[in-house]
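Taking it in order: structure first as structure tokens, then the write-up.
The values are calculated or read from the model by the stated rules, or taken from the named source; none is laboratory data. Given the structure is predicted, the values throughout are model-derived calculations rather than measurements. Counting neighbours? That spans all protein chains shown, and the Cβs are built from the backbone with ideal geometry, glycine included. Calculation scope for accessible area: heavy atoms of the full protein, side chains included, ligands and nucleic acids excluded. Shrake-Rupley method; radii C 1.70, N 1.55, O 1.52, S 1.80 Å.
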Amino acid sequence: MAEQLYVGIDSGSVSLNCIVLSETRKIVYESPYERHMGKVEERVSDLIRFLYEKFGSERIRSVSFTGNHGKNLSEQLGTFYEFETISEVLGALFVQPNVRTIISMGGQDTALFQIDQASDESAGGGDNWKLSYFNTNGPCASGTGSFIDQQAQRLATSMYAKEVDISQEKIDTILGDFIDLGARSRKPANVACRCTVFTKSDMIHLQNKGETLEDIIYGLHIGNARNYMSTIVCKRVLEEPILFIGGLSLNSLQVKAFRDYFPRLIVPPHNTSLGALGVAIQALSLKREDRVDFKKLKALGSQMEITAPRTSRLELKKTSFPESNEIKQRPLKKGTRVYLGIDIGSTTTKYALMNNEREIIHKSYVPTQGKPIEVTQRLLRTIRDEVGKKIEIVGTATTGSGRNVVGDFLNVDLIIDEITAHARGAVEIAPDIDTIFEIGGQDSKYISISNAYPLDFDMNKVCAAGTGSFLHELAGKYGINIVGEFQDIALSSEAPIKLAERCTVFMESDLVSYHQKGVARNDLIAGLCYAIVHNYLNRVVGKRRIGERVMFLGGPSLNKGVVAAFEDVLGRGLLVPPHREVLGAYGAAISVQEKMQFEHAEKSSFRGLESAINDRMEYKEKICHADPNCHNECKLKIYDFDGRRSVWGGECGRYDVVRTKGARKQNFFHVRQDIWQTYLAGV
């Protein structure tokens with residue numbers, strides 16, 4: 001009689017892996033690594049049919065499952081399932097019996113296993129090991145295979161001389177070229193491998209600074225390994241032998257990056273199929289008999305529609321949404337005194353020109369593109385060309401993440417944080433508001449207002465879920481223009497799909513899976529509007545108080561779909577004022593007006609439009625030797641801005657812009673401490 005076979009299938013978040021094991025524990029077949037592209041049931045059905053044809057139904061005694069989709073598949077087919085953590089350890093012990101540490105990096109999961117090996121057979125039955133430590137990633141794609149896949153797709157347009165198909169179906173080809181290019185690196189760039197969407201911005205900045213593509217690619221893998229060491233390994237000592245398994249163990253650059261930490265790192269045979277091997281071993285050990293019912297298999301293969309949770313249609317019922325966001329053009333008198341506020345964000349830069357009556361007379365909103373100075377110069381050129389002959393700029397202020405660098409470049413009168421700027425602009429429009437929701441490209445903010453002043457605030461924590469980039473990134477995958485088209489598609493949905501709160505990368509996988517199974521595109525896009533709202537409320541606002549008068553600001557507030565989702569979830573209307581996308585710049589302009597009036601300042605320190613526009617940003621480079629005990633040798637750039645020396649660079653903050661003018665202001669913290677000590681004297 002032919003030997004009985006045990007089939008183990010690991011149905012992961014990204015790929016499908018299979019091992020066929022004989023009853024004498026020999027591997028008789030391993031399927032090639034295959035991405036299922038969200039068609040999990042269809043690919044599993046095809047695989048099982050192939051195995052039955054190859055080996056015969058009478059020989060296959062058991063078909064068992066593990067992995068992200070394994071539980072659902074085993075329930076549908078009535079077969080055995082084992083948790084992937086147990087399956088991976090069993091598979092690793094099979095190929096490397098003395099293993100002490102397992103580094104696992106898959107499509108959406110990364111994990112660390114540490115194993116204690118017993119020195120005797122006291123455990124019985126060969127069970128001479130125990131799992132002493134386990135750690136895994138949270139709800140973030142950073143450090144996973146999906147993270148690397150997305151960066152490869154993003155850089156594909158730079159990698160190829162001609163236009164190339166960057167669809168999911170071509171990802172393996174792109175990834176191969178991506179790895180080959182990174183292998184040529186001689187001086188890897190320093191890439192911060194945090195949230196995948198934010199890493200994209202970091203890489204754009206590096207490209208703009210002139211870093212080569214190969215150095216960015218290898219630097220990305222080094223950063224990925226560094227991220228794993230800091231978030232998963234932490235301060236633990238990893239004992240050898242150390243195995244590296246999972247989809248990312250196929251990536252030679254990732255292996256190379258880890259070998260900087262662990263020179264004797266082992267990539268074992270069957271490195272992507274150890275979960276499948278482990279569940280087959282478990283089924284064999286338990287003497288399972290799980291033959292597949294072909295009626296159930298047929299139903300599984302034809303199950304193209306998915307039962308997905310739905311939510312209510314997006315409708316604006318209680319919110320007054322301004323249909324026009326344009327400035328009403330009025331003729332300007334020559335010599336009109338204006339205040340200029342510039343908000344330099346991580347993804348967009350915008351300005352607001354305000355007259356003495358605090359009316360916005362000119363504005364613009366453009367992508368930052370990792371070049372805050374160059375974009376600011378372009379905006380100033382717009383001001384000069386369109387209204388420059390009729391205005392006199394009497395005060396300037398900068399806010400946003402680039403406020404210090406641009407503030408120094410322009411020699412502005414005020415550099416102000418974005419929380420204060422947004423609060424000031426919002427209160428000017430609606431003095432009775434008590435809450436501000438502000439969603440930017442990479443930063444989302446919650447601000448609580450009391451008596452027209454900010455009382456409390458919070459921001460997102462290195463995650464793009466709940467930011468404008470979240471929507472922009474996912475809309476781009478479907479070729480949808482985020483301006484206009486996105487909201488029209490979302491509002492056309494009768495039954496938006498209810499998506500889980502997820503990292504942007506994982507959300508993309510969910511969308512692909514739903515779309516492959518027949519969910520309409522407009523239902524998915526409407527679901528994204530709800531997803532950004534739930535992500536924002538749960539990750540940024542949390543348990544903080546939401547008042548009765550809520551103002552919604554930032555780029556996504558221009559999207560009717562997102563506004564409608566907020567209205568539905570909160571059960572109340574929101575304030576969405578005109579020009580809300582530049583309200584931070586408007587608040588900065590008001591703040592500098594108030595400052596100059598308070599100080600009776602007669603002249604702005606602003607260097608002038610022509611001077612700033614024509615500055616070629618020439619500089620001299622110098623190595624810092626300010627501290628003889630410091631060995632960092634930071635490279636400094638020394639600029640001359642109209643005779644004003646400005647030093648940029650350095651890691652210690654020695655050359656950071658600190659702008660103080662006039663008499664030193666009273667430190668109220670010190671005053672409070674003195675009063676406190678006075679009354680406590682002798683106690």
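Kindly work out what percent of the DSSP beta bridges joining two residues of the chain are antiparallel, to the nearest 5. Please list the in-between numbers first.
Working: 60 of 90 bridges.
Restricted to the chain, the bridges split so that about 65 percent are antiparallel.
With all protein chains present, calculate the accessible area of I232 using a 1.4 Å probe and round the result to the nearest 10 Å².
Near enough 10 Å² of accessible area.
Run the simple label-point estimate for I86 and E374 please: 7 Å along Cα→C-beta, distance reported in nm.
Between I86 and E374, the simple spin-label model gives 5.7 nm.
Taking Cα atoms, how many degrees apart are the long axis of helix 213-228 and the longest axis of the chain, rounded to 10 and kept between 0 and 90?
70 degrees
Which order do you get for W648, W676, W129 if you rank them by accessible area with a 1.4 Å probe, largest at the top?
Details: W648 50, W676 140, W129 70 Å².
If we order W648, W676, W129 from most to least accessible, we get W676, W129, W648.
What is the ratio of the Cα radius of gyration of the chain to 2.2 N^0.38 Å, where N is its residue count, to two decimals? Present the calculation step by step, with values, prior to reporting the outcome.
On the way: Rg = 29.6 Å, N = 683, 2.2 N^0.38 = 26.3 Å.
Compared with the compact-globule rule of thumb, the chain sits at 1.13.
Going by Cα centres, the range 370-389 and the range 239-309 are how many Å apart?
54 Å
Got a sec? Charge dipole of the chain, +1 on Cβ for Lys and Arg, -1 for Asp and Glu; which of T398, I344, V7 is way out at the positive end?
T398
Taking the 0 to 90 degree range and rounding to the nearest ten, how far is the long axis of helix 504-516 tilted relative to the main principal axis of the chain, both from C-alpha atoms?
60 degrees
Probe 1.4 Å, all protein chains in place: accessible area of Y586 in Å², nearest 10?
Approximately 10 Å² for this residue.
Mind checking the full-extension length gain between D674 and D172? Use 0.36 nm per residue of separation minus the Cα-Cα distance, one decimal, nm.
Working: separation 502, 0.36 × 502 = 180.72 nm, distance 6.60 nm.
Difference between extended and current length: 174.1 nm.
Restricting to Cα pairs below 8 Å that are 6+ residues apart, what does the relative contact order work out to for the chain? Please round to a whole percent. Before the final figure, lay out each step's value.
Values: 1316 pairs, mean separation 94.1, N = 683.
Relative contact order for the chain comes out at 14 percent.
Under a crude label model (7 Å from the Cα following the beta-carbon direction), how far is R384 from D116 in nanometres?
7.2 nm
Might you work out the accessible area of R616 for me, using a 1.4 Å probe with all protein chains in place, and round it to the nearest 10 Å²?
150 Å²
Multiplying the sequence separation of S492 and K287 by 0.36 nm and subtracting their Cα-Cα distance, what value in nm do you get?
Details: separation 205, 0.36 × 205 = 73.80 nm, distance 5.38 nm.
Taking 0.36 nm per residue and subtracting the Cα distance, the gain is 68.4 nm.
Assuming R0 = 45 Å, what is the FRET efficiency of N667 and S320, from their Cβ-Cβ distance, to the nearest 0.05? Could the numbers behind the result be given before it?
On the way: r = 44 Å, r/R0 = 0.98.
FRET efficiency, N667 to S320: 0.55.
Put a dot 7 Å past each Cα toward the Cβ at R264 and K620; how far apart are the dots in nm?
Result for the modelled spin labels: 5.4 nm.
Would you mind calculating the gained length between R544 and K235 on full extension (0.36 nm times residue separation, minus the Cα-Cα distance), in nm to one decimal?
Numbers: separation 309, 0.36 × 309 = 111.24 nm, distance 3.37 nm.
Stretched out fully, the R544 to K235 stretch lengthens by 107.9 nm.
Excluding same-chain pairs closer than 8 in sequence, count the lysine pairs in the range 513-642 whose Cα atoms lie under 20 Å apart. The partial results should precede the final answer.
On the way: K595/K603; K620/K635; K620/K637; K622/K635; K622/K637.
Total qualifying Lys-Lys pairs in the range 513-642 comes to 5.
Would you mind getting me the FRET efficiency between A601 and Y133? Use the beta-carbon distance for r and R0 = 45 Å, nearest 0.05. The partial results should precede the final answer.
On the way: r = 62 Å, r/R0 = 1.37.
E between A601 and Y133, to the nearest 0.05, is 0.15.
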